[in-house]
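This report concerns only the one structure given below.
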Amino acid sequence: MRLIKHPVLCNYYVTYRCNAKCGFCDIWEKPSPYVTLDNVRENLIALKKLGVKVIDFTGGEPLLHQQIDQFFELAKELKFLTTLTTNGLLYPKFAKRLKGKVDMLHFSLDTADRDKHDSMRGVQCFDFVMESIALAKSLGERPDILFTVFEENKTDIKEVYEQICLPNNLVLILNPAFEYNQVGDHLSNETLDELEAWGRKENIFINQAFIDLRRDGGNHINNPICKAASTTLVISPENELILPCYHLGEKSFTIGGDLEELYHSSEVQQQIATEGRLPACEGCTINCYMQPSFSVETSKYFWKSLPSTIKYNRMKGTWKGLFRTG
């Protein structure tokens, strides 16, 4: 049964450019403009009317945009919950300007081994993450550590948790590497069991439904769990609406000046109806689309997701914003 029939999240790509070269990501390889402040303002107003609750300003590396703090200020004025994930390289530059504007601030860190982390990211950023943690805490912020889990770094979880997260009272978000359309890393059943055990510990968040979905072989096009297009709006740096999701990008629609009207158009709604049903959707496990998919429709994944989602929102105090109506 569908509980929420409107989109709840916007993945707003402020640029595809990045100052890192992560081996597991190809976004940084794309040429890209930067979004404009005027377009962001127009689109945020429309997103509010469409019922969106959470704005994720993303990239590429979102802090490459010189006006990123103004985007967050606009989002907070409109009472959105906001989230930002960064490799930490530019956070010290923006920290004071972002103070109090980011509800869920994530620093990407995949191991406590400096050389291994920098090798995975293709740039020397480990020390910047450590500096960013200290700086954020000094400003009264409480960032999360976002750990992307592969078979090759799963044994590093313990050191990141014990040496970095617990001493700094930070939440460790375990983000299983995803798979889609023959892209990504397949996690073994043994690894999934280990992640499930980690999820029961203090200050650790992993969505149990992510684990169950992988055990079940991911999304299945004959009975799709994925609600990517109806739960999540993807806006590109070219000011286009991308459907059904960023990773497939089957179609793009120029937004112009009225995102709300575009979203309700017959052409967009027809594309939304293909969510989870395209051939490339078979076996997909992309976390950033599955998380909202689990939250809008009752299914076994909804109930599996609920305890861990409540746990995270309790730790972060963000649950109030999810129910804010103003």
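Within the set of pairs 6+ apart or on separate chains, which have a first residue in the range 12-25 that is in a strand (DSSP E or B) and surrounded by 14 or more Cβ atoms within 10 Å (Cβ to Cβ), a second that is modelled with pLDDT of 70 or more and charged (D, E, K, R), and C-beta atoms under 8 Å apart?
Pairs found: TYR12/ASP56.
Residues to consider are GLY217, GLY199; find the one that is within 30 Å of MET1 (Cα to Cα) and within 20 Å of the chain's Cα centre (by Cα). Outline the logic, then answer.
Values: GLY217 fails: within 20 Å of the chain's Cα centre (by Cα).
On inspection, the qualifying residue turns out to be GLY199.
Let me spell it out: the conditions are (1) farther than 15 Å from LEU9 by Cα; (2) touching a Leu at 6+ places or on another chain (Cβ under 6 Å), and ALA46 meets all of them except one. Which number is the exception?
Failing condition for ALA46: (1).
Taking PRO279, is it farther than 21 Å from LEU174 by Cα and either among the β-branched types (Val, Ile, Thr) or touching a residue at least 24 places away in the same chain (Cβ under 8 Å) (or both)?
yes
Read through the list (1) at pLDDT below 95; (2) in contact with a Cys (Cβ under 7 Å, 6 or more places away or on another chain); (3) in a loop (DSSP other than H, G, I, E, B), then give the number of the only condition that TRP28 fails.
So the condition that TRP28 fails would be (3).
Among (1) closer than 27 Å to PRO279 by Cα; (2) free of Cβ contacts under 8 Å to residues at least 40 places away in the same chain, which single condition is GLU196 missing?
(1)
Find the residue count for the range 38-72, including only residues that are in contact with a helix residue (DSSP H, G or I) (Cβ under 9 Å, 6 or more places away or on another chain), farther than 24 Å from GLN269 by Cα and among the charged types (D, E, K, R).
Number satisfying all stated conditions: 2.
What do you reckon, is LYS76 touching a residue at least 12 places away in the same chain (Cβ under 8 Å), under 14 Å from LEU135 (Cα atoms), surrounded by fewer than 23 Cβ atoms within 10 Å (Cβ to Cβ) and more than 12 Å from the chain's Cα centre (by Cα)?
no
Counting only residues that are among the aromatic types (Phe, Trp, Tyr) and in contact with a strand residue (DSSP E or B) (Cβ under 6 Å, 6 or more places away or on another chain), which one in the range 108-163 is nearest to GLU190 (Cα to Cα)? Walk me through it before giving the result.
Of the range 108-163, the ones among the aromatic types (Phe, Trp, Tyr) are 126, 128, 147, 150, 161.
Filter once more, keeping what is in contact with a strand residue (DSSP E or B) (Cβ under 6 Å, 6 or more places away or on another chain): 147, 161.
Values: PHE147: 18, TYR161: 20 Å.
Taking the candidates together, the pick is PHE147.
Among helices (runs of 4 or more DSSP H) lying entirely in the range 60-124, which contain 1 or more residues that are more than 18 Å from GLU141 (Cα to Cα), modelled with pLDDT of 95 or more and of a type outside the set (Val, Ile, Thr)?
On the way: elements: 68-77, 91-98, 114-121.
The helices (runs of 4 or more DSSP H) meeting that bar are 68-77.
Does PRO237 satisfy the condition of being touching a residue at least 40 places away in the same chain (Cβ under 8 Å), farther than 12 Å from ASN287 by Cα and of a type outside the set (Lys, Arg)? Lay out the reasoning, then the answer.
Working: touching a residue at least 40 places away in the same chain (Cβ under 8 Å): yes; farther than 12 Å from ASN287 by Cα: yes; of a type outside the set (Lys, Arg): yes.
Yes; evaluated as a whole, the condition is true for this residue.
Inside the range 112-134, can you point out the residues that are of a type in the set (A, V, I, L, M, F, W, C) and surrounded by fewer than 15 Cβ atoms within 10 Å (Cβ to Cβ)?
Initial filter on the range 112-134 (of a type in the set (A, V, I, L, M, F, W, C)): 112, 120, 123, 125-126, 128-130, 133-134.
The one that is of a type in the set (A, V, I, L, M, F, W, C) and surrounded by fewer than 15 Cβ atoms within 10 Å (Cβ to Cβ): ALA134.
Residue pairs, Cβ under 9 Å, 6 or more apart or interchain, first in the range 249-263 and in contact (Cβ under 8 Å) with a residue 40 or more places away in the chain and within 24 Å of LEU278 (Cα to Cα), second part of a helix (DSSP H, G or I) and of a type outside the set (Asp, Glu). List them.
ILE255/ASN39; ILE255/ASN43; ILE255/ALA46; ILE255/LEU262; TYR263/ALA46; TYR263/LEU50; TYR263/GLN269; TYR263/ILE272
Checking LYS49 against (1) in a helix (DSSP H, G or I); (2) under 20 Å from the mean Cα position of the chain (by Cα); (3) charged (D, E, K, R): exactly one of these is not met. Which one?
Answer for LYS49: the failing condition is (2).
For the range 253-265, does any single residue satisfy the condition of being in contact with a Lys or Arg (Cβ under 9 Å, 6 or more places away or on another chain) and part of a loop (DSSP other than H, G, I, E, B)?
There is no residue in the range 253-265 that is in contact with a Lys or Arg (Cβ under 9 Å, 6 or more places away or on another chain) and part of a loop (DSSP other than H, G, I, E, B).
For THR309, state whether it is within 18 Å of the chain's Cα centre (by Cα) and over 11 Å from LYS227 (Cα atoms).
Details: within 18 Å of the chain's Cα centre (by Cα): yes; over 11 Å from LYS227 (Cα atoms): yes.
Considered against the rule, which asks whether it is within 18 Å of the chain's Cα centre (by Cα) and over 11 Å from LYS227 (Cα atoms), THR309 comes out as yes.
Just one of LEU109, LEU90, LEU105 is within 21 Å of GLY317 (Cα to Cα) and either in contact (Cβ under 8 Å) with a residue 12 or more places away in the chain or buried (at least 21 other Cβ atoms within 10 Å of the Cβ) (or both); which is it?
Values: LEU109 fails: within 21 Å of GLY317 (Cα to Cα); LEU90 fails: within 21 Å of GLY317 (Cα to Cα).
LEU105 is the lone residue from the list that is within 21 Å of GLY317 (Cα to Cα) and either in contact (Cβ under 8 Å) with a residue 12 or more places away in the chain or buried (at least 21 other Cβ atoms within 10 Å of the Cβ) (or both).
The values are calculated or read from the model by the stated rules, or taken from the named source; none is laboratory data. The model shown is predicted, which means the values in this text are computed figures rather than measured ones. Reconstructed Cβ throughout: ideal geometry from the backbone, glycine too, with neighbour counts over all protein chains shown.
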